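Report on the structure given below.
Just so it is clear, none of the values below were taken in a lab; they were calculated from the coordinates. From a predicted model like this one, the values you see are computed outputs, not experimental measurements. So basically every Cβ, Gly included, is an ideal-geometry build from the backbone, and we count neighbours across all protein chains shown.
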Amino acid sequence: MTAFRTPAAPRLLHVDVMLAFGIVMVVMGHRYQPPYLFFPAYTFHMALFFFVSGYLASIKVGLREKGRFLAHKARSQLLFYFRWNAFFAALTFLLAVAGIRLGYAIPAVGSWADVAESGRAFLVVPFTDGHHYHLYAAAWFIPQLWLVHVVFQTVCFRPGRLVAGVALAAAVPVTLFLLEEGLQSYEDLRLTGVRTALAFLFFLAGHTVRLWEDRLAKVLLAPWFLVVAFAAVNVIAINFGNIRYNFVLGNVNNVRVWVPVTASLLIVLIVFQLSHHAARFLDDRSWVLVVGRSTQDILVWHFTVFLGVNVVLWALGLVPFEKLSDNWYAWEKERTWLLYEVPAIAVPILVRRWWDRRTIQVVTEPTRARRAPAERKAAQR
Amino acid sequence: VRHRHVETMWGLAVVALVMAATYQPAFLLYPAQAFSAALVFFVAGCELAMPVGRQAPTTLARLVVVAYGGTALASAGAGLLVRAGLAPGGPTPSFASGEAALGAARVILLSPLGLEQAPALFPAAWVLVAIALARAVLAGAAAVAGSFGVAGAGFLGALAALAAAEPQGAGSGGQLFVARTAFAVAFCALGRFVHGVGEPTRRRLRAPVSLALGFVAVDALASSGGLRSLVDAGALGPASLLTMTLVVLMASAVASYAAEVVPTRSALLALGRTWVAVIAGHAAVAFLVELALVRAGALPGAALGSAVPAPELNRFWLICVVPALAVPAILARAAAGVRPPTNVAQEEP
């Protein structure tokens, strides 16, 4: 079947660079990050994605418009997520049959209790830790983003700087309170609440930056801000303890909960500035932009590619079979990280390109500039 | 007119040098000790001009004499401060006897060449002299050959000699002097060579893929000890030389981007314009800050004058590094008077 797609709208290049940087950090965070590459991925990478989502978000006017928008998001995010969730449920089941157990909720149909548990894992766990099928673990971000959109459209009842500013000011104490609760490492739906608050904070920060960009750009894009933010992160890390945390667990691993949050925000702003500058110099067909535009595919597939690499290494006799059941296992990762990470980024991009070439035909419409002379001629006739 | 790119690189180089000497924050890419000296020599080579005709010998001699004389005088001053008990560690000149005075003179005259241990307040003396020597050697060779084509060959030759000798750190003495000078010549030559390449090569060098490959290569070399360079002590292996070459090329690429982003009145460019003062003065300023911290009870007295920065200093790195960079730069600007930025002509041709 051939689908049709109109030419894509112009993209914000610096956003593509930010996404590229973020997804490379996700892949590195899940495998191996070289010691001299920027800040550790687990200090900022998921915060960066929520920031970018908020940066691109817009507040809809009126309940009907908001409802329509959230329904559209449910189709493009939730439906997307659960479609692939079903695929990975089947894949996880088949792999388990083959002796490779990847997930703590491997689908089972032995008894009604098994079926009920499998259904719960399929429908509910995506909104808690989302790690029920290990190969699909990274996609927890997608349903979480939908929840954030719901909160965003509810809290920010109408567009405008004032509403967003007030919402951000209110979100800060609420999030800090919930993060203190999150230190107890919840594993049920309370985790969803804590994580949604944290994600919403970064989302709203991104949205506020977008709304005030005309004034904030002078500060956020100034080289001195880069130095100050970098120094501040270092000072915070030295004097106030840990800044690394696992976003999905809702536990920031520091009793001073403001420390990792502030560090994350500063690092995200550093990336924001660097991406702005990089976008000025990158060619429109640069591989950096290609990676940034393929974020979703890489997010969904990179663990599967990791498994593929491990299977090849197992076939070569370098990896024991039982290690294939460990999603985070990598063979001598300090030396072989490129062997995992380059395919994890490249394969989803190449597969998507191949698939698009087969199934999608881009419909080009005459642009307004091209149409104008034709219309003039028609008028003359 | 100095190139804005070169000024930016000077800024980055002195920041790296000062951080290597004082304190480096945790998340700042590679350890500054591993590449700062190489970067300084690389930039020094970038702005190397060929002396013309009969002026050549005079120019070259002046280059060395001014650098050596200046550093020897500064060494003497630093030594006297040690003697007066106002500065930490290092050799203490004494004039109590003829032999002691001879020893003091040896320190003053030979420490700028790295043949004697430099006073703690002026540890980078050898860098300034080595820059002058390397520039003189390269410019002399270029004047004889008639072009700077010798720079590439000079780099490869000096690098091959160093890699073959693989000096393991002589501490002081002739071998250290030779190793450091050869090292300076190599990276000066590399800087001159890279600065002179055409636009297509320049574009290839700064392409994102080149940066990514450079990063991956350095990461691989780091596991072979490539980032444990001890240039100060003259310990240089092939892995560290290759690593430094890659790192300075990456720094050059990053600086070329940064040069197009930083404003004309940026602090980075200001540091780049006053690099001599910053290299010469940072240790003295850092010492004064540490002294103030010791007096305030924030640091133990043993931290003063120690070759290795005290762990307690980590908490105060910002108030140590910033004055060490800013004070010499501000003093140098004040001494030189207010001048328009050097790149005005380049921006408004």
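Details
- Treating r as the C-beta distance of B:L156 and B:L288 and R0 as 45 Å, the FRET efficiency rounds to 0.55.
- Förster-model FRET efficiency, 41 Å R0, A:V109 and A:R68, C-beta, rounded to 0.05: 0.60
- Helices in chain A, meaning DSSP H runs of at least 4 residues, each add -39500 (n - 2.57). Divided by all residues, the mean residue ellipticity at 222 nm is -21500 deg cm²/dmol.
- Listed by chain and number, the lysines placed with their C-alpha closer than 26 angstrom to that of A:K333 are A:K323; residues fewer than eight positions away on the same chain are left out.
- B:A26-B:L102 pseudo-label distance in nm [points 7 Å out on the Cα-to-Cβ vector]: 5.3
- Length-normalised contact order of the stretch A:10-55 in % [C-alpha pairs under 8 Å, at least 6 apart]: 44
- Ellipsoid semi-axes for the stretch A:159-287, based on the Cα gyration tensor and the rule √(5λ), read 27, 19, 15 Å when sorted largest first.
- With R₀ set to 35 Å, the beta-carbon distance separating B:V197 from A:R358 gives a calculated FRET efficiency near 0.20.
- Highest to lowest packing among A:162-168, B:21-27, scored as the average C-beta count within 10 Å: B:21-27, A:162-168
- Between the amide H of A:N246 and those of A:N251, distances stay under 5 Å, these residues lying 5 or more places away or on another chain, with hydrogens modeled in the peptide plane.
- Exposure proxy order (Cβ contacts within 10 Å, fewest to most) of B:F183, A:F44: B:F183, A:F44
- Distance from the stretch B:253-272 to the stretch A:129-187 (C-alpha centre basis), Å: 39
- Label-point separation, B:R315 to B:A49 (7 Å along Cα→Cβ), nm: 5.1
- Residues A:D129, A:D188, sorted so that the one with the fewest Cβ neighbours within 10 Å comes first: A:D188, A:D129
- Computed packing ranks the peptides A:194-204, A:312-322 as A:194-204, A:312-322, most packed first, by mean other Cβ atoms within 10 Å.
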